[in-house]
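Enquirer: Below is a structure I'd like to ask you about.
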Amino acid sequence: MNVENRTIFEGDNLYVLRGLDADTIDLIYLDPPFNSNRTFEAATESEAAGAAFKDSWTPNDLDSAWHGELAEKAPDLYHAISTAEFTHGTSMKAYLIMMGIRMLEMYRILKPTGTLYLHCDDNASHYLKMMMDGIFGKDNFRNEIIWQRAVTSKGNLKKGLARDSDLILRYSKSNDFVWNPEAVTIPYDMQDLDEKTKRQYYYVEPGTGRLVSHTSITAQTQNPDSHLTYDVMGVTRTWRWSESRMLKEIEAGRVVQTRPGNVPRYKRYLDEQKGKTLNNIWVDIPNLTARNKERIGYPTQKPIALLERIIRASSNPGNMVLDPFCGCATTCIAAERLQRHWIGIDLSPESFKLAKLRLEQHGITKQVIHRKGHPQIYQQERTLKHTLFGRQEGRCDGCQTLSAFRNMTVDHIVARSQSGTDTSDNLQLLCGTCKLMKEHGIQDQPIHLLKNGGILS
Ligand SMILES: C[S@@+](CC[C@H](N)C(=O)[O-])C[C@H]1O[C@@H](n2cnc3c(N)ncnc32)[C@H](O)[C@@H]1O
Ligand SMILES: [Zn+2]
């Protein structure tokens, strides 16, 4: 690992990500701009004053070469992203290119046992799912977590339903990933039991007052010839347990028959259970409200509890956690509290200050490293072809068809023999067919015809 624990980088995460060693990060959580077409700014009186970021995208926000780099490294993905332009528009395409070029790097630096959580919402979630399948492979998709923000929102009921959920896509890099089920097991609140649990543990044990559920101990399929078929309290069934195990449970008073002749059942105490396991719909972590103590005024600040759950579930103490869009460093604080190592990256100079301030607020006296710039970039491979590809948005300059990066060739608009220059205004990318036509001397006219939908004779 070529970066120290507790580092906050100030800068564009693309170049920092490119500078991080491959296969070194255990867990990545990112909460990037959602393509919401808004601008976020912290209130001037808050601790996060000065923090701002915009969240609307046009092709002008992109470095043209990213198109080419993405199209070269992930040609199928580039095609899928171009399709987003047809169904949604140029802004979605620009957003996905911005995200895709970074996601390729995140995938590269993730350990084979690593996990990535992508936080988004319905502005782009369905398009991002497609992008993620293209990079991680659909078989490495693990969960779509629906996080109910549970904040009373100003939904206009005349037009439809209020939006109260964010979406978190969970992907692993391989089949062999870290997963800790304890992190998604929530202890029962004995004072305030949910309806389902109340129905299940309906019986109050006289004397102790403990809540009990009577669960079945018969086997799924009844087979008279099985060695598991025998008599218990006058009832013959195929049971789940061997006779010796059954005897032990009976001696311990854990097998009950509510009435003579009834099938005996197992007596389970609620207070002995670890808790209930969560599913993919998380409704128990409310988003921060203005008055919440944790809130420091950073727009889009996420609750520490949300990050703690993710970090517990998909990493172990001592592991390296990265948040490439770290904002006010919520992930970093949560990681520190759970004895993980961490790195944060953000464009905003506020992130470092806020990370420091928040660690102090949590009584953690650790030095945070502030780095501007980025580690040595592992490869610098962009060429003019990448830039031209972006300028033409993946289309052949002749026939205007979306063409694969590898099928495009750099072409001098005015040939060098006719004193055409090597400058980018005299260069274009042509697909194989157009290039051939041009080389056969029928260049300008057919290309002109094709552009105008004409027919070649
Ligand atoms: C939705 S906020 C993240 C909030 C964070 N989860 C928290 O709890 O504070 C997105 C952040 O991404 C940052 N950002 C946007 N584009 C970036 C880029 N290319 N490189 C690094 N950071 C970027 C913005 O400055 C903003 O802080
Ligand atoms: Zn062409």
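The values are calculated or read from the model by the stated rules, or taken from the named source; none is laboratory data. Please read all numbers here as calculations on a predicted model, not as lab measurements. We place every Cβ from the backbone using ideal geometry, glycine too, and count neighbours over all the protein chains shown. Just so you know, the surface numbers come from the protein's heavy atoms only, side chains and all, with ligands and any DNA or RNA stripped out. Shrake-Rupley method; radii C 1.70, N 1.55, O 1.52, S 1.80 Å.
Enquirer: Compare the peptides 133-141, 184-192, 309-317, 113-121 by average per-residue count of other Cβ atoms within 10 angstrom and give them in order, highest first.
Expert: Sorting 133-141, 184-192, 309-317, 113-121 by mean packing, highest first, produces 113-121, 309-317, 133-141, 184-192.
Enquirer: DSSP loop chymotrypsin sites (Phe, Trp or Tyr not before Pro) in segment 21-107 with at most 16 other Cβ atoms within 10 Å of their Cβ, which ones?
Expert: When the chymotrypsin sites (Phe, Trp or Tyr not before Pro) of segment 21-107 are filtered for loop state and at most 16 Cβ neighbours within 10 Å, nothing remains.
Enquirer: For segment 195-272, with equal point scatterers placed on the C-alpha atoms only and solvent neglected, what are the log10 I(q)/I(0) values from the Debye formula at q = 0.17, 0.25 1/Å, to two decimals?
Expert: Each listed q maps to, in turn, -0.71, -1.21.
Enquirer: Now a separate question. Asp231: net charge of surrounding residues, Cβ under 11 Å, Lys/Arg +1, Asp/Glu -1, itself excluded?
Expert: Its environment carries a net charge of 0.
Enquirer: Shifting gears a bit: Might you tell me the accessible area per residue for the chain, computed with a 1.4 Å probe and given in Å²?
Expert: Result: 51 Å² per residue.
Enquirer: Determine the relative contact order of segment 195-272: mean sequence separation of Cα pairs under 8 Å and six or more apart, normalised by residue count, in whole percent.
Expert: 32
Enquirer: If you don't mind, another one. Once you wrap a convex hull around the alpha carbon atoms of segment 259-328, what is its projected area averaged over all directions, in nm²?
Expert: 9.1
Enquirer: Taking the 0 to 90 degree range and rounding to the nearest ten, how far is the long axis of helix 350-361 tilted relative to the main principal axis of the chain, both from C-alpha atoms?
Expert: Tilt relative to the chain: about 20 degrees.
Enquirer: Taking Cα atoms, how many degrees apart are the long axis of helix 64-73 and the longest axis of the chain, rounded to 10 and kept between 0 and 90?
Expert: Roughly 60 degrees between the two axes.
Enquirer: On alpha carbon coordinates alone, what is the Rg over Rh value for the chain, Rh being the Kirkwood radius?
Expert: Result: Rg/Rh = 1.12.
Enquirer: What percent does the relative contact order of segment 86-243 come to when contacts are Cα pairs within less than 8 Å and at least six residues apart?
Expert: After rounding, I find 19 percent.
Enquirer: Still on this structure, I have one more. Would you mind checking the tilt of helix 90-109 against the longest principal axis of the Cα atoms of the chain, expressed as 0 to 90 degrees and rounded to 10?
Expert: Long axis of 90-109 versus the principal axis of the chain: about 70 degrees.
Enquirer: Normalising by the residue count of the chain, find the relative contact order in percent from Cα pairs under 8 Å and 6+ residues apart.
Expert: 23
Enquirer: Only loop residues by DSSP count here, and only those with at most 10 other Cβ atoms within 10 Å; note down the trypsin sites (Lys or Arg not before Pro) in segment 1-61 that meet that.
Expert: Nothing satisfies the criteria.
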